[in-house]
Every structure is written in structure tokens, then in C-alpha cells.
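Colleague: One structure, pasted below without further comment.
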Amino acid sequence: MNIFRLTGDLSHLAAIIILLLKIWKTRSCAGISGKSQILFAIVFTTRYLDLLSSFISLYNTSMKVIYIGCAYATVYLIYMKFRATYDGNHDSFRVEFLVVPVGGLAVLINHDFSFLEILWTFSIYLESVAILPQLFMISKTGEAETITTHYLFCLGLYRALYIVNWIWRYYFEAFFDLIAIVAGVVQTILYCDFFYLYVTKVLKGKKLSLPA
Amino acid sequence: REFVFQHDEL
């Protein structure tokens, strides 16, 4: 464990908590893509099946349980409890265009052709594109609540910090996992234009609104 | 048997 990975995990946890609290406190999921949240729940489920079979550390296990719990709680709030506030018309990204190619790629390119390893690879590839429905929804509505932009910033920052963690592990532990690195770089690149808007607008106190 | 990855990252 290194400071970059720990900060990354805490940034990821912050993002998950921010979103859950935003929906719970405002009793509304306006502007939130339910599809992205379903994809994240799938990412955590397929990646953390090893919860049942292997124990790495208390930190590792507890974080996995928290991530899975929060992900399903968020999906529940969006599609059940506050479904009246769910903006289905703008959450129209065709996720099958993500899940099918990612599933195929996971079967073709992986470290080991075993059930758990292919699911892990699927989860890594899926996570790199899981935010697309959310970014697509913001581009359609042309704006995002400030709290949502903080959620997205923490979420994007987490994988950017993981890239630094992988650089660190390469030099100090001679460890690298090319599948995670390539997917992580793609994932972080997808946030770049959002990062630009976040820094130039939200941090200056303006509302995030895209040129319509 | 080939060493299978023990993924220690979240």
C-alpha cells in the first residue's frame, strides 16, 4: 500500500458517499445517470466476488463491502425510493454498446482464462467506460448541480491517483498490471474535458453549464 | 500451474 493508492481509495469512497448523501438529503436524483450507477454496481459485483474466497486485509475486505453496499443503495434510491425524480429521458445512453464489447474484450484479453479472472477483467474494462452515461446525460441537459461535479471530480481523481500508484509500484515493487493500467488511463482520459470545466468553472464559483 | 493473479487492489 502507498499513499497514492490510499488517497485514491479515499477519493473513491468520498465520491460514493457524496453521491449517496446528495440523493438522500435532497431526496432527489435529478441530473444523476441511473445507468452509470447500475454499471458501477456491476463493476463492484464482478470484481469483488473474491470476497468469498480470499482474504487480503481488513482494509481490503471492509472497503469492498462498503463499495458494494453503497453502490446497491444508490441504485435502490434512484430506481425505487426516489424514482419519481429520476430523469429517464436524459439518461438515454445505450449501455449495451458498452457492456457487449467490454464483455467480448474481457474474454479475448485477460491474464488467465478462468472464471474469476475473466470477471475481474470485465470489471476493469467496464469501469473505464461506466461514467459515459453520466457524462452523456450532462452533455444532454447542458448543466450539472455543483454537488454532482464534486462527485465526478473525486471519482475521476481516484483513478488518476491509481495511475501514480502504478508508477510507484513499477519502480519500487517491480509490479505492473498492464490491463489495469491501460483501462485506468482510458478512464482518466474520459474525465479530461470534465476536469477542465471543473477547474475553470466550478472552482471559480460558477455553475457548470456546457455551451448548449 | 501458472501463477494466477492475486489482485490486491480495490
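Colleague: All but one of (1) buried (at least 22 other Cβ atoms within 10 Å of the Cβ); (2) small (Gly, Ala, Ser); (3) more than 27 Å from A:Ile3 (Cα to Cα) hold for A:Ser139, so report the exception by its number.
Modeller: (1)
Colleague: Between A:Phe153, A:Phe176, A:Phe136, A:Phe93, which is touching a Phe, Trp or Tyr at 6+ places or on another chain (Cβ under 8 Å), more than 14 Å from chain B (Cβ to nearest Cβ) and either modelled with pLDDT under 95 or not in a helix (DSSP H, G or I) (or both)? Spell out the reasoning first.
Modeller: On the way: A:Phe153 fails: either modelled with pLDDT under 95 or not in a helix (DSSP H, G or I) (or both); A:Phe176 fails: more than 14 Å from chain B (Cβ to nearest Cβ); A:Phe136 fails: either modelled with pLDDT under 95 or not in a helix (DSSP H, G or I) (or both).
Of the residues listed, the single one that is touching a Phe, Trp or Tyr at 6+ places or on another chain (Cβ under 8 Å), more than 14 Å from chain B (Cβ to nearest Cβ) and either modelled with pLDDT under 95 or not in a helix (DSSP H, G or I) (or both) is A:Phe93.
Colleague: Taking A:Phe194, is it among the aromatic types (Phe, Trp, Tyr), assigned to a loop (DSSP other than H, G, I, E, B) and either surrounded by 19 or more Cβ atoms within 10 Å (Cβ to Cβ) or free of Cβ contacts under 8 Å to residues at least 60 places away in the same chain (or both)?
Modeller: Numbers: among the aromatic types (Phe, Trp, Tyr): yes; assigned to a loop (DSSP other than H, G, I, E, B): no; either surrounded by 19 or more Cβ atoms within 10 Å (Cβ to Cβ) or free of Cβ contacts under 8 Å to residues at least 60 places away in the same chain (or both): yes.
Against the criterion (among the aromatic types (Phe, Trp, Tyr), assigned to a loop (DSSP other than H, G, I, E, B) and either surrounded by 19 or more Cβ atoms within 10 Å (Cβ to Cβ) or free of Cβ contacts under 8 Å to residues at least 60 places away in the same chain (or both)), A:Phe194 does not qualify.
Colleague: Being more than 14 Å from chain B (Cβ to nearest Cβ) and of a type outside the set (Ser, Thr, Tyr) is the filter here; which residues of segment A:122-133 pass it?
Modeller: Within segment A:122-133, A:Leu126, A:Val129, A:Ala130, A:Ile131, A:Leu132, A:Pro133 meet the criteria.
Colleague: Return the pair list, or none, for Cβ contacts closer than 9 Å from residues in segment A:144-160 that are free of Cβ contacts under 8 Å to residues at least 40 places away in the same chain and under 19 Å from A:Val182 (Cβ atoms) to residues that are outside any helix (DSSP H, G or I) and not aromatic (Phe, Trp, Tyr), at least 6 apart or on different chains.
Modeller: A:Gly156/A:Ile131
Colleague: Does any residue in segment A:105-121 that is more than 8 Å from every other protein chain (Cβ to nearest Cβ) and under 19 Å from A:Leu51 (Cβ atoms) come within less than 9 Å, Cβ to Cβ, of a residue that is in a helix (DSSP H, G or I) and of a type in the set (S, T, N, Q) six or more places away or on a different chain, and which pairs are these?
Modeller: Matching pairs, first to second residue: A:Leu119/A:Thr45; A:Leu119/A:Thr46.
Colleague: Follow-up. On the basis of being surrounded by 18 or more Cβ atoms within 10 Å (Cβ to Cβ) and either under 22 Å from A:Leu210 (Cβ atoms) or of a type in the set (Phe, Trp, Tyr) (or both), does A:Ala144 make the cut? Step through it out loud before you land on a result.
Modeller: Values: surrounded by 18 or more Cβ atoms within 10 Å (Cβ to Cβ): yes; either under 22 Å from A:Leu210 (Cβ atoms) or of a type in the set (Phe, Trp, Tyr) (or both): yes.
Yes: the conditions hold for A:Ala144.
This table checks each residue for (1) in contact (Cβ under 8 Å) with a residue 12 or more places away in the chain; (2) within 12 Å of chain B (Cβ to nearest Cβ); (3) touching a His at 6+ places or on another chain (Cβ under 8 Å).
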residue: A:Ile16; (1), (2), (3): yes, yes, no
residue: A:Lys25; (1), (2), (3): no, no, no
residue: A:Leu52; (1), (2), (3): no, no, no
residue: A:Phe55; (1), (2), (3): no, yes, no
residue: A:Met63; (1), (2), (3): yes, yes, no
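The values are calculated or read from the model by the stated rules, or taken from the named source; none is laboratory data. Here the structure is a predicted model, which is why all the values come from computation and not from measurement. Glycine gets a Cβ as well: all are built from the backbone with ideal geometry, and neighbour counts include every protein chain shown.
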